[in-house]
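Take a look at the structure below.
Here, each number is a calculation from the coordinates, and none is a lab measurement. These numbers come from a predicted model, not from an experiment. Note: ideal-geometry Cβ built from the backbone for every residue, glycine included; neighbour counts use all protein chains shown.
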Amino acid sequence: MSGAKSMNELRTLGVFRELSATGQQMLECGMQLNRFDELKTIINKGNSVAGAYVVVRGRLRVYSISPGGNEATLYFINPGEVCILALNCIFNNLQYPAWVQAEPDTCVGVIPSLTYRTLFQTEPSIQNLTVHALSVLVFRLMEELEEVHALNLNERLAKFILMRSEADGQLRMTQSELAAHLGTTREVVAKLLRRMVADRLIQTGRGTIRVARREVLARLLDAAG
């Protein structure tokens with residue numbers, strides 16, 4: 001993806017279409033576009049951040065790591081969304097409190113700290129974006145917390161497969177990636193997947209899962225709720 005194409009994609013995102021001409025010019029002059037073709041951790045806990053991170057294409061995963069080395073997803077950042085933790089860092093001169101991983105074929109715009117703070121003072125759409133990011137963060141963290149308390153690991157895995165699978169029923173994730181999201185080990189995920197395969201709920205392949213009986217998986221979650 002060229003820089004020009006990425007900038008054009010950024011302009012199609014709702015909040016940036018609402019910028020004034022001055023704001024758009026400031027954004028285009030200051031923002032740096034970064035493309036990630038492979039899965040890559042782009043921010044480590046304790047890093048200083050260069051500015052506001054806006055997803056243009058693809059997705060970012062914000063996660064924590066336990067003292068034992070297990071990862072657990074906190075939330076995802078989707079196209080058109082900004083990382084509220086990075087905003088908190090640039091407004092309050094803090095270091096980043098977690099890790100951020102870019103998924104394959106992800107493009108991220110980094111708006112320098114001074115530029116974003118200036119836009120925040122002058123552009124209503126940037127103010128709205130910031131408030132929206134905060135509300136989304138709170139909602140997603142509460143949703144994850146509720147799942148941890150309300151669902152067992154098998155039910156959480158089933159919900160993740162249902163929610164993240166594409167229209168054709170395919171979920172393109174490895175067992176290690178699933179384990180990282182759920183905060184468990186690959187061996188535990190492999191065991192749960194084998195049980196689902198035996199029950200003919202899913203089919204598995206190399207790095208992929210295909211939902212075979214979506215209605216049955218959904219009923220399991222309804223029963224759990």
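Please give the helix 186-198 orientation as an angle from the longest Cα principal axis of the chain, in degrees from 0 to 90, rounded to the nearest 10. Roughly 60 degrees, rounded to the nearest 10. Neighbour counts of other Cβ atoms within 10 Å put Val108, Val197 in the fewest-to-most order Val197, Val108.
When only DSSP loop residues count, what GluC sites (Glu not before Pro) in region 13-67 have their Cβ near at most 10 other Cβ atoms within 10 Å?
Of the GluC sites (Glu not before Pro), the ones in loops of region 13-67 whose Cβ has at most 10 other Cβ atoms within 10 Å are Glu38.
Note on Asn70/Ala21: beta-carbon distance plugged into 1/(1 + (r/R0)^6) with R0 of 45 Å gives a FRET efficiency of 0.40. Taking the longest Cα principal axis of the chain as reference, the axis of helix 3-12 is set at about 80 degrees. Computed from backbone phi with θ = phi - 60° and the Karplus coefficients 6.51, -1.76 and 1.60, the 3J(HN,Hα) list for region 126-138 is 6, 4, 5, 4, 5, 5, 4, 4, 5, 5, 5, 4, 4 Hz; x is used for glycine and proline. Here the Karplus curve 6.51 cos²θ - 1.76 cosθ + 1.60, taken at θ = phi - 60°, turns the phi angles of region 49-64 into couplings of 9, 7, x, 8, 9, 10, 7, 8, 8, x, 7, 10, 10, 9, 9, 10 Hz, with x standing for Gly and Pro. For region 28-113, the orientation-averaged shadow of the C-alpha convex hull comes to 5.4 nm² (one quarter of the hull surface). For Asn47, the residues 5 or more places off, or on other chains, whose built amide H falls under 5 Å of its own are Tyr96.
Candidates Ala179, Leu201, Asn128 compared by Cα position along the dipole of the chain: farthest toward the positive end lies Leu201, with charges placed on Cβ. Relative to the dominant Cα principal axis of the chain, helix 214-224 is inclined by about 90°. Based on alpha carbons, the Rg and Dmax found for the chain are 19.2, 60 Å.
Using only the Cα atoms, work out Rg/Rh for region 151-224, with Rh taken as the Kirkwood radius, to two decimals.
0.91
Computed from backbone phi with θ = phi - 60° and the Karplus coefficients 6.51, -1.76 and 1.60, the 3J(HN,Hα) list for region 153-165 is 5, 4, 5, 5, 5, 4, 5, 4, 4, 5, 6, 9, 6 Hz; x is used for glycine and proline.
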